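**Student:** Pasting a structure below so you can have a look.
Values in this text are rule-based calculations from the coordinates and carry no lab data. Since we're looking at a predicted model, the values are computed, not measured. Positions of Cβ are generated from backbone atoms using ideal geometry, with glycine treated the same way; all protein chains shown enter the neighbour counts.
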Amino acid sequence: MFLSSSLPVLLLCMLTASSSEIKISEDALKTCSAITCGIPGRDGRDGPKGEKGERGQGLRGLQGPPGKMGPPGNTGPPGAPGIKGTKGDRGDNSVVETKLANLEAEMRRLKSELDHVKKLQAFSLGKTPGKKFYVTNGERMPFSKVKAQCAELQATVATPKNAEENKAIQDMAGSPAFLGITDEVTEGRFMYVTGGRLAYSNWKRDEPNDHGSGEDCVILLQDGLWNDISCSSSFLAVCEFPA
Ligand SMILES: [Ca+2]
Ligand SMILES: [Ca+2]
């Protein structure tokens with residue numbers, strides 16, 4: 001009888017019930033202070049199953065290293081032909097022809113000038129048509145340098161092949177000058193630097209004598225006679241140009 005009359009009070013005393021503890025609200029406690037609280041009832045039955053929660057998201061791992069390059073893909077089909085371009089302007093050859101004509105005129109002028117210079121040079125050197133002519137820069141130097149200087153001028157070292165040429169060099173040089181003749185290849189056998197055995201010679205008495213430590217080059221003395229001499233000595237450089 002007591003239990004049935006105090007049931008509402010008990011319900012008031014139970015504000016929140018969990019599986020482990022019972023919390024009592026402030027209002028309920030006030031009520032309970034006046035009326036003795038009963039023992040808590042049994043746990044209720046489990047409620048219906050809740051809806052399925054959203055899928056969780058785990059921690060994303062670090063990005064791995066790039067993989068190996070795959071094999072090349074197949075060649076694609078050829079593209080469609082492009083749009084045809086507009087027709088170009090007609091070429092103008094007149095500019096090129098004018099330039100060519102100017103160049104030809106300039107070449108004729110230069111050739112005329114060159115011929116004029118050649119005539120002046122021949123006149124100043126006393127050159128006779130059909131005959132060799134000789135040029136000197138008036139410097140003395142070893143034979144090797146004379147050869148190099150003449151080669152630079154596309155000429156050779158003065159080499160008299162007869163008495164007339166010997167006289168021409170003698171008159172032009174005015175002082176001892178190297179000739180393009182040596183016995184450097186075989187001692188005692190003088191030859192032309194350009195090749196071949198001597199066709200003419202004009203040795204001074206008792207020359208060539210290969211004096212001292214040896215003399216393998218030849219100079220034309222002021223009197224027109226020849227003397228073998230050391231190639232490292234310095235004498236006048238005279239170059240010879242063909243006829
Ligand atoms: Ca010699
Ligand atoms: Ca000598």
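**Student:** Quick one: 3J(HN,Hα) in Hz for the range 112-122, Karplus 6.51/-1.76/1.60 with θ = phi - 60°, rounded, Gly and Pro as x.
**Tutor:** Values per residue, Gly and Pro as x: 4, 5, 5, 4, 5, 4, 4, 5, 4, 5, 4 Hz.
**Student:** Using amide H atoms built in the peptide plane, which far-off residues or other-chain residues are under 5 Å from TRP203 H to H?
**Tutor:** Long-range HN contacts for TRP203: TRP226.
**Student:** Please give the contour-minus-distance gain from ASP43 to ASP223: 0.36 nm per residue of separation, less the Cα-Cα distance, rounded to one decimal in nm. Provide the component values of the computation, followed by the final result.
**Tutor:** Working: separation 180, 0.36 × 180 = 64.80 nm, distance 15.27 nm.
Full extension of this stretch gives 49.5 nm more.
**Student:** Can you compute the modelled spin-label distance between LEU59 and GLU152, with each label point 7 Å from Cα toward Cβ, in nm?
**Tutor:** 8.5
**Student:** Starting at the first residue of the range 163-168, write each ³J(HN,Hα) from the Karplus equation 6.51 cos²θ - 1.76 cosθ + 1.60 with θ = phi - 60°, in whole Hz, x for Gly and Pro.
**Tutor:** Coupling constants for the range 163-168: 5, 5, 5, 4, 5, 5 Hz.
**Student:** Read phi for every residue in the range 185-199 and hand back ³J(HN,Hα) as whole Hz from Karplus 6.51 cos²θ - 1.76 cosθ + 1.60, θ = phi - 60°, with x for Gly and Pro.
**Tutor:** Running phi through 6.51 cos²θ - 1.76 cosθ + 1.60 with θ = phi - 60° gives 6, 10, 3, x, 10, 6, 9, 6, 4, 7, x, x, 7, 5, 9 Hz.
**Student:** Between beta-carbons, use under 15 Å as the cut-off and find the net charge around GLU240, counting Lys and Arg +1, Asp and Glu -1. Don't jump to the answer; show the numbers that get you there.
**Tutor:** Working: positive: LYS127, LYS131, LYS132, LYS147, LYS161, LYS167; negative: GLU152, GLU164, GLU165, ASP171.
Spelling it out: positives minus negatives among the neighbours equals +2.
**Student:** Let me ask something else about it. Provide the FRET efficiency to the nearest 0.05 for the MET69-SER112 pair, computing r from the beta carbons and using R0 = 51 Å.
**Tutor:** Working: r = 71 Å, r/R0 = 1.40.
Plugging the Cβ-Cβ distance into 1/(1 + (r/R0)^6) gives 0.10.
**Student:** Choose one of LEU110, GLY85, PRO72: the residue whose Cα lies farthest towards the positive end of the charge dipole of the range 72-114 (beta-carbon charges +1 Lys, Arg; -1 Asp, Glu; about the Cα centre).
**Tutor:** The listed residue farthest towards the positive side: PRO72.
**Student:** Return TYR192, TYR134, TYR200 ranked ascending by Cβ neighbour count within 10 Å, so the fewest neighbours appear first. Provide the component values of the computation, followed by the final result.
**Tutor:** Numbers: TYR192 17, TYR134 22, TYR200 12.
Ordered by Cβ neighbours within 10 Å, fewest first: TYR200, TYR192, TYR134.
**Student:** Where Rh denotes the Kirkwood radius from the mean inverse Cα pair distance, what is Rg over Rh for the range 108-157? Intermediate results must be reported in sequence, preceding the final value.
**Tutor:** Details: Rg = 13.5 Å, Rh = 12.7 Å.
Answer for the range 108-157: 1.06.
**Student:** Taking amide H positions as placed in the peptide plane 1.01 Å from N, state which residues far from THR159 in sequence (5 or more) or on other chains have amide H under 5 Å from it.
**Tutor:** Under 5 Å from the amide H of THR159: GLY180.
**Student:** About the Cα centre, and with charges only on the beta carbon of Lys, Arg (+1) and Asp, Glu (-1), how big is the dipole of the range 158-223? Nearest 20 debye, please. Mind showing how you got there, number by number?
**Tutor:** Numbers: 6 positive and 12 negative charges, 47 e Å.
So the dipole magnitude of the range 158-223 works out to roughly 220 debye.
**Student:** Once amide H atoms are placed 1.01 Å from N in the peptide plane, what residues at a sequence separation of 5 or more from GLU215, or on another chain, have their amide H within under 5 Å of its amide H?
**Tutor:** When sequence neighbours closer than 5 places are left aside, the close amide H contacts are ASP210.
**Student:** Something else now. Would you please classify the overall shape of the range 142-243 from the alpha carbon gyration tensor, given that a ≥ b ≥ c denote the square roots of the eigenvalues, rounded means a/c under 1.5, and beyond that prolate means a/b larger than b/c while oblate covers the rest?
**Tutor:** Numbers: a/c = 1.37, a/b = 1.19, b/c = 1.15.
Rounded shape, in that the Cα axes give a/c under 1.5.
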